[in-house]
Amino acid sequence: MAKRKKKKGNVFAWIIIILALVVIGYFLYPRVYPGIKNFFTKPPAEAPSDVHVLENHPLTGFTWVSDLDGAMMELKSNGSFTVDFPGVDDRRKIFGHFKMDGERIIFVNHPSTAICVGEEGVYKYELKDGNLNFEIISDGCKHRREHMEMGWFKL
């Protein structure tokens with residue numbers, strides 16, 4: 001019985017194939033499995049203790065749709081919010097908590113959203129004929145500012 005020699009070229013070919021699969025998987029992952037990211041980044045179970053319950057408030061309990069790009073925002077009576085941005089390749093969700101102070105609303109994103117974490121967005125709101133408009137008072141988050149400056153309508 002003759003011993004068979006292993007060819008060194010086969011090892012390099014397998015390494016190249018594995019690296020190619022990793023690179024392809026890296027670029028396809030967000031498009032093929034967008035729900036996986038949302039599974040691991042769930043909104044917080046409860047709002048911080050300084051947020052009061054907003055039962056029967058005219059802004060809570062509805063889905064608001066942005067005139068800018070169709071993003072959907074839900075303001076919940078427990079002081080948490082979710083903004084779902086539609087997209088062809090993937091969907092992004094931002095969530096956090098908000099506080100009401102008279103005609104002002106203060107938004108703070110949850111750390112797991114990785115967008116404008118810890119930056120408060122302070123807005124004056126106006127609800128007129130089923131449309132919601134925000135007037136910026138202060139917000140260091142450019143992404144949030146762009147969306148809030150446009151109108152929102154009730155779904």
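The values are calculated or read from the model by the stated rules, or taken from the named source; none is laboratory data. As the structure is a computational prediction, the values presented were derived from the model and not from experiment. In this analysis, Cβ positions are derived from the backbone assuming ideal geometry, glycine residues included, and neighbour counts consider all displayed protein chains.
When the residues of the range 94-116 are narrowed to those that are within 10 Å of the chain's Cα centre (by Cα) and farther than 13 Å from residue 143 by Cα, which ends up modelled with the highest pLDDT? Only one residue tops the list, namely 96.
Has the range 140-150 got any residue that is touching a Gly at 6+ places or on another chain (Cβ under 6 Å), assigned by TED's automatic domain parsing to the domain that holds residue 71, outside any strand (DSSP E or B) and under 14 Å from residue 73 (Cα atoms)? Within the range 140-150, one or more residues are touching a Gly at 6+ places or on another chain (Cβ under 6 Å), assigned by TED's automatic domain parsing to the domain that holds residue 71, outside any strand (DSSP E or B) and under 14 Å from residue 73 (Cα atoms). Could you tell me whether residue 96 is farther than 21 Å from residue 69 by Cα and not hydrophobic (A, V, I, L, M, F, W, C)? Answer is no for this residue. One residue alone among 101, 84 is free of Cβ contacts under 8 Å to residues at least 40 places away in the same chain and surrounded by 14 or more Cβ atoms within 10 Å (Cβ to Cβ), and that residue is 84.
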